[in-house]
Structures are given as C-alpha cells and as structure tokens.
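See structure below.
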Amino acid sequence: MPITVPGFDRIGEENAFAVLARAVELSEQGMDVINLGIGQPDFPTPERIVEAAVKAMRDGHHGYTPATGIQPLREAVSADLDRRFSVDVNPDQVLIVPGGKVTIFAAILMFGEPGAEILYPDPGFPIYRSMIEFTGARPVPVPIREGNGFAFDAEETLSLVTPTTRLIIVNSPANPCGGVTPLAEVDRLVAGLANHPNAALLSDEIYDQMLYDGERHVTMLSYPEIRDRLILLNGWSKTYAMTGWRLGYSVWPLPLLDMARKLAVNVWSCVNAPAQWAALEALTGPQDEIASMVAEFDARRKLVIDLLNDLPGVSCIVPKGAFYAFPNIAGTGWKARSLASALLENAGVAVIGGPDFGVLGEGYIRVSYANSRENIRRAADRMREFLERGPDASRESNASSG
Ligand code: PLP
C-alpha cells in the first residue's frame, strides 16, 4: 500500500512558478524568452535597504528575534500606516512574517474547517482557494468581472455570505486583473458586514502603493467598526522589490494575534533577523524609489494596454493598480491556457492563462508588465505575429482541449 496523506491531495499550486521554471528551462536550451508571467518587480532592491541588511549581519544580528518581529520594525509598520492613511495601529498588533503568503496561510488555517465557508475573489491569487480547500472548508468564489472594472461588487459579495461564512477575503489593488475597488464599494461592503458579525475579513493590500491615474488606496484599517475582526495583509515584496527576501507583515485583532504568534513559534520561529533590519530601513528611509518605480510601471502600463488592444481578437481594459493587465482573448478563438502555453513554446513569450486564477479567468490571460518597455514591445510583436499566423491544425486541437 503506498503511503497516503489525507488532505494534501487538496492543496493546489501557483502556476506562475511552473511557468517561470519552464521559461528558465527554455532559456537554458537557447530560446530567447520574454517573461511577462512572473509577478515581481524587475528592479533591484534599493541599495540603502541592501546595505542595512549587510550592516545588520556585521553588527551581529545573527540570533532569533521575538516571534512577532523586532520591536522597532513593528513600531515602524505602525508609524508607516499612520503616515500614509492616518490610522491608529497598535504595534503590539503587528506581526512580522516570512512573506505575504504566510498571512494567507495563518488566516485561512484559523477559520477554515469542514462545514465552514470562505469567500475569495475569482479570478484571484490562486493560494486563497488552494489553502481554503486544504483546510476542508468550502471555497465560495466571489466573481470579479471585467464589466465592473475588475473591482469586487459589494452587493454580490454580501449576497454570498451565509451563517457558516467564517472569512471573507478581499484584494485591492488586485492580482491578477489589476482592478482597484472604489471607495463607495468598500463603504458598502463594510456597512453590509454589520449584518454578518461572525464573518472575519482578510484584506490583502500588498499592492497598495501600485496605483495609477490618481487612484488613492482605501485601507480596510480605516473602518473602526470592523477592526475587531479584520486581518490586514501587507509586506515589502512588491513595494520595495523584495520578493526574494521573504518578508511581510500583518495586523491582527489582539485575540487572533496570539494565535498567529503561536503559529509562528511552532513553524518559523521568527523572520530572518538581517531581513527585518533591512525592512526597517525600507520603511524609515527616503521613499522616493517607490515613486520612480511606480512612474515606470505607469509608462509600461499605458504601452502594454495600447499594444494588447492592437492585437487581433484581443481587448484589454485599463487596469488601475498592481502591475498586471488581464486582456480578454475570447476573440482569438483560443482557450486561455492553450494560448499561454503556445505563446511560451512557439513565440517565447511567457504569460499566465486566466484559469490559473479561477474558473472565471477563462477567456483571459495575465500579462505582467514588470519587464522593460523594450521587452514589452518585442513580446507584443511576437504575439501579433503568432496570432496573425491564423488557424492551423495545432490551434484547432488546442482550442478544443483543456
Ligand atoms: N497577495 C497577492 C495578491 C499577491 O499577488 C502575492 C504575490 O504575488 C502575495 C499576496 C504574496 O506575496 P509574498 O511574495 O510577499 O508572499
């Protein structure tokens, strides 16, 4: 009898990592691959932050830290939230974690169990659904629609809440669609939650500084009426180009914080100490790098939208946040995953099929514009050439499969 591990057959994947691995493999075989698949800034971490980590190592920060994180960093997170949003967050409610994903894991583990329901965005970050299913809870997708600018619809979200809903996950600015939920919609959601006092909220705000067209971020922390059941997810990965450092933070209601702290003690003990000192420098030093990075993303965003809308069978609304475009490819005749895979294998362009973010992602692909303008132009040329080649035998068979 082979060993079986009940539950682990329910754990999912993040296909962006598989696409990255395949892109690297093809590059190693000599193919010139342009990667518009991965969701990470293509900029290096600012020098001052790198130097702070080096200094921390030289200064002897080699041991464990408190499981919740070093105190100056928790205070800096609280000060940063106050500076940006005028919200009062007690540093004791801040938990430093090894990456934004860890907050998703902790929150879903707390509320997910057989019989519970958890609402999550579809299309959305694939780890939400994967973790919900892992816990045995029922995943309830909240549709994120192109016609709604890829923002969540408060009324529709509330209509899906039942007495067994334990957690509602919201994400704005959003991966994979780049949608930003307007203030009025967030207001409506929070007002409606008064009727569902047993449902907790996980607000994933990891892209909160990646906003364009004068959009301003609305943090869920600014609603005192839900603070006793709100878990805020944020971190350094996207804002400071630090995805590989594995750093994030969450803000918890006090009773839940102690549970999260115990989870930390049991699983990761604490976040890498030099990385925490680097995170402190990130928050307390000059913030100009963020503005330059976002300005460059904005230029690329405009470029990529124009180029995508010029491709046969493709249309793309203008995303207002994050660094993703989510073009509608229904007019190409391709199924999304088949198109993504054919583009990688035949045209050397890595993108992700929409269904990798949920069933409602069919008919779309995710294009990350965290790549140079020159590469975006080259990728669009290759996509055009590929799509203009028109129907062929492989396309017909691809279109009817998967
Ligand atoms: N939440 C969303 C919406 C994301 O897109 C990502 C990363 O892509 C994360 C969380 C996880 O971030 P981290 O790399 O810090 O774990």
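Where a number appears in this text, it was derived from the coordinates with a stated rule and is not lab data. The shown structure was predicted, so the numbers you read here are calculated from the model rather than taken from an experiment. Methodologically, a virtual Cβ is constructed for each residue, glycine included, from the backbone with ideal geometry; neighbour enumeration extends over all protein chains shown.
Would you mind pulling out the separation of the Cα centroids of segment 324-382 and segment 1-67, in Å?
With segment 324-382 and segment 1-67 each reduced to a Cα centre, they are spaced 21 Å.
With just the Cα atoms of segment 123-227, tell me how far they stretch along each of the three principal axes, in Å, largest first.
Principal-axis extents of segment 123-227 (Cα, largest first): 40, 29, 24 Å.
Explain nothing, just the number: relative contact order of the chain, from Cα pairs under 8 Å at least 6 residues apart, as a whole percent.
The normalised contact order for the chain reaches 23 percent.
If each residue's Cβ is checked for other Cβ atoms within 10 Å, how do Lys262, Lys101, Lys238 rank with the fewest at the top?
Lys262, Lys101, Lys238
So what is the orientation-averaged projected area of the chain, using the convex hull of its C-alpha atoms, in nm²?
Computing the convex hull of the Cα atoms and averaging its projections yields 21.3 nm².
Quick one: check the C-alpha center-to-center distance for segment 255-297 versus segment 214-246, whole angstrom.
11
Just check segment 61-114 against the gyration tensor rule for me: Cα atoms, a ≥ b ≥ c as the square roots of the eigenvalues, rounded for a/c under 1.5, and otherwise prolate or oblate depending on whether a/b exceeds b/c.
In terms of gyration-tensor shape, oblate.
Given contacts defined as C-alpha pairs under 8 Å and at least six residues apart, what's the relative contact order of segment 286-387, whole-number percent?
Reported as a whole number, the value is 28 percent.
Summing Lys, Arg as +1 and Asp, Glu as -1, what charge do residues with Cβ under 10 Å from the Cβ of Ala67 carry, Ala67 excluded?
Here the count lands on +2.
Against the globular-protein guess of 2.2 N^0.38 Å, express the Cα radius of gyration of segment 1-101 as a ratio, rounded to two decimals.
1.61
What value, in deg cm²/dmol to 500, does the helix sum -39500 (n - 2.57) over DSSP H runs of n ≥ 4 give at 222 nm once divided by the residues of the chain?
After summing the helix terms and dividing by the residues of the chain, the value is -12500 deg cm²/dmol.
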